[in-house]
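Inspection log for the structure reproduced underneath, given as structure tokens.
Read-outs: derived from the displayed coordinates by stated rules, not from any lab. It should be emphasised that the depicted structure is a prediction, and the values quoted were computed from it without experimental measurement. Glycine gets a Cβ as well: all are built from the backbone with ideal geometry, and neighbour counts include every protein chain shown.
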Amino acid sequence: MSSESKTQDWTKPAAMAVPKGGYFQEKVEQGRYGPIFPKTPASYGFSIVAKVIPGREEKFYEHARTIEKTIAEQPDALAVLKLHYLRWLLFPIKGETYFMYQGIFDTDFDKYTEDAVTLFSATGITTVFENLEGFPKDWKTHPASFVTFVREHQCPSFLEYGEYPFVSADEVKKALKLKATFSTMLDQMQ
């Protein structure tokens, strides 16, 4: 178990009100690219909303199929990102299409960004973010430009909840493997 999980009681759900702006003003933690989004009971994460370049909506669906195929063929393809969940949405506002990305992961924002840039650069898979207005063309060679884009489009939550707070994705997987092992052992004893 991580030291964070040992100090938090994961057996009781937890909620955390996040101040307007997304940072706890009294203890803003600085990372390599600016303030670190806080760790909450749901872990680290960010949510962005950005306008889709007109006519590029189908690129998002193509990218979804690419990611689905990649994960089917190589289930650990995104493992370096230490993800819990990703959620992508396209929605209309006044006749224009917008994209919302929500990511929950176990690393701080700086590490997540650097790992994502490295992963996409190494695999040749591009990010669907390239179809968003204002997304930097130099994101693969200049992670700070990616960070700037995300910070400019970040929509901070004001409440985060965790049914099993402060537990990493790896800890959840280990617990499920242990459960499966016990179930198999009990089945064999019958």
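I'd like the FRET efficiency for Val172 and Tyr98, computed as 1/(1 + (r/R0)^6) with the beta carbon distance as r and R0 of 22 Å, rounded to 0.05.
E(calc), rounded to 0.05, equals 0.10.
Relative to the dominant Cα principal axis of the chain, helix 109-123 is inclined by about 80°.
Computed as a quarter of the hull surface, the mean projected area of the alpha carbon convex hull for the chain stands at 13.8 nm².
Taken over the range 13-111, the alpha-carbon convex hull comes to 140 cubic angstrom per residue. From the alpha carbon centroid of the range 54-122 to that of the range 130-190 is 11 Å. From most to least packed by mean Cβ count within 10 Å, the peptides 102-111, 75-84 give 102-111, 75-84. Placing a label point 7 Å from the Cα of Lys140 along the Cα-to-Cβ direction, the residues of the range 116-132 with a backbone N closer than 16 Å are 116-131. For Gly31, nonlocal amide neighbours, meaning residues 5 or more places apart or on other chains whose placed amide H falls under 5 Å from its own, are Ile36. Considering only Leu132, Leu119, Leu178, the mean-square fluctuation computed in a Gaussian network model of the chain, springs between alpha carbons under 10 angstrom, is largest for Leu178. The C-alpha atoms of the chain define a longest principal axis, and helix 57-73 lies at about 30 degrees to it.
Exposed loop GluC sites (Glu not before Pro) only (DSSP loop, at most 14 other Cβ atoms within 10 Å): please give the longest stretch of the chain free of them, not including the sites. If you can, show how the numbers build up before the last one.
On the way: sites that count: Glu29, Glu133, Glu163.
With a cap of 14 other Cβ atoms within 10 Å, the longest stretch comes to 30-132.
Close amide H pairs (under 5 Å, H built 1.01 Å from N) link Thr97 with Val52, residues at least 5 positions away or on another chain.
Taking 18 Å as the straight-line reach from the Cα of Lys51, the lysines in range (excluding those fewer than 8 positions away in the same chain) are Lys59, Lys94, Lys137. Couplings 3J(HN,Hα) of the range 130-138, computed from phi: 4, 9, 9, 4, x, 5, x, 6, 9 Hz, in residue order, whole Hz [Karplus 6.51 cos²θ - 1.76 cosθ + 1.60, θ = phi - 60°; x for Gly and Pro].
Axis angle, to the nearest 10 degrees, between helix 169-189 and the longest C-alpha principal axis of the chain: 40 degrees. The stretch between Ala72 and Ser121 holds 15.6 nm of extra length on full extension. This uses 0.36 nm per residue minus the Cα-Cα distance.
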